[in-house]
Amino acid sequence: MNKLSIITPVFNSISYIELCIQNVCSQGCIDEIEHLIIDGGSTDGTAELITTLADIYPHIKWISEKDRGQSDAMNKGIKLATGKYISFLNVDDYYSENALKDVLAIISAKDAPEFIVGNCNVWNPDETLQYINQPSQLKIWHLLSGYYLPVNPSAYFYKKEIHNRIGSYNEENHHNMDIEFLIEAASVTELKYYPKIWGNFRLLPNTKTVNDQNSGTIEQRKKELYQRYLQNSTYKVRAKTKYIILQKKMQRAVLKVKKIIVLPFDKVYYKLKLVLNLSK
């Protein structure tokens, strides 16, 4: 059995599939992993390129057939996975240098956590860094608050066995199935945070995530998902979630006051100080 199965759902992604495969190969640990590529019946040459690269790299296993969407493809990958741990790497995302070596060292330990989460770089279309996602708090109420969410699966890894307890990815959910899974996972196991950059998430034009952001539907879908889980949660979970949301709102209010009052005052103070010093 491999220690880790990397699962990549793909459809008509000729521009990124080779980069994705080479990124996994460059981690320097292909003897300990398998890369499962679940192609949805591509017609742009993606499947032919996978065939060529799979002949070169024996750790690649793949299928090509029509599916019912991303969740269906992800579940196919889970069924095929032989690794004790799994991770999803979308075809246009990538792992940071030595990320998989870090992960393998952690999951090889006798008392390894069931679910580990690292940081993730979020990149703009022009390849400038937008921000670093650092989900340092990962209890279920942190996730339901919407403030501590891991934004991309390239930065988290977990035991395949967790799916025996919570089921597969929801094939009726085509937009935030990963968030739904994270909430379900947090209800049955600890999500342990490591302050290392493992994942890289590209915000590319015409992708599902960016289209949802531009249309304004992504946040609404998240709120509906959080509300559905909160309605069925315990009083403790609801109370802690509401406390985090209130705390964050207060922090934003304080920052707004500082921008309106404190920062302008500081600017005047330092300019006056500079003028006084120059007049001496």
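The numbers here are math on the coordinates, done by the rules we state, and not lab data. The structure presented is a predicted model; accordingly, all values stated were derived computationally and were not measured. A quick note on method: Cβ atoms are made from the backbone with ideal geometry, for glycine too, and the neighbour counts reach across all protein chains shown.
Here are a few things to note about the model shown:
- If R0 is taken as 30 Å, the Cβ-Cβ distance between Thr128 and Lys256 corresponds to a FRET efficiency of 0.70.
- In this rough spin-label picture, where each label sits 7 Å from Cα along the Cβ direction, the Lys222-Ile14 distance is 3.5 nm.
- Largest GNM mean-square fluctuation across Glu161, Glu114, Glu34, computed for the chain with C-alpha springs under 10 Å, falls on Glu161.
- Listed residues Ile17, Val103, Leu53: farthest to the positive end of the dipole of region 1-120 (Cβ charges): Val103
- GNM flexibility winner over the chain from Leu204, Leu191, Leu100 (Cα, springs under 10 Å): Leu204
- Coupling constants for region 98-109 follow from the phi torsions by the Karplus curve (6.51 cos²θ - 1.76 cosθ + 1.60, θ = phi - 60°), and in residue order they are 6, 4, 5, 5, 4, 5, 4, 5, 6, 6, 7, 5 Hz; glycine and proline get x.
- A full extension of the chain between Ser168 and Thr207 corresponds to an added length of 11.7 nm, given 0.36 nm per residue minus the alpha carbon distance.
- Fluctuation leader among Gln134, Gln27, Gln247 - the chain, Gaussian network, Cα springs under 10 angstrom: Gln247
- This ranking places Lys240, Lys101 by how few other beta-carbon atoms lie within 10 Å of each, fewest first, which gives Lys101, Lys240.
- Taking 7 Å steps out from each Cα toward its Cβ at Lys66 and Lys139 produces label points 4.8 nm apart.
- Kirkwood radius for region 32-136, taken over all pairs of different Cα atoms as the inverse mean of 1/r, rounds to 16.1 Å.
- Projected area averaged over orientations for the chain, convex hull of C-alpha atoms, nm²: 19.4
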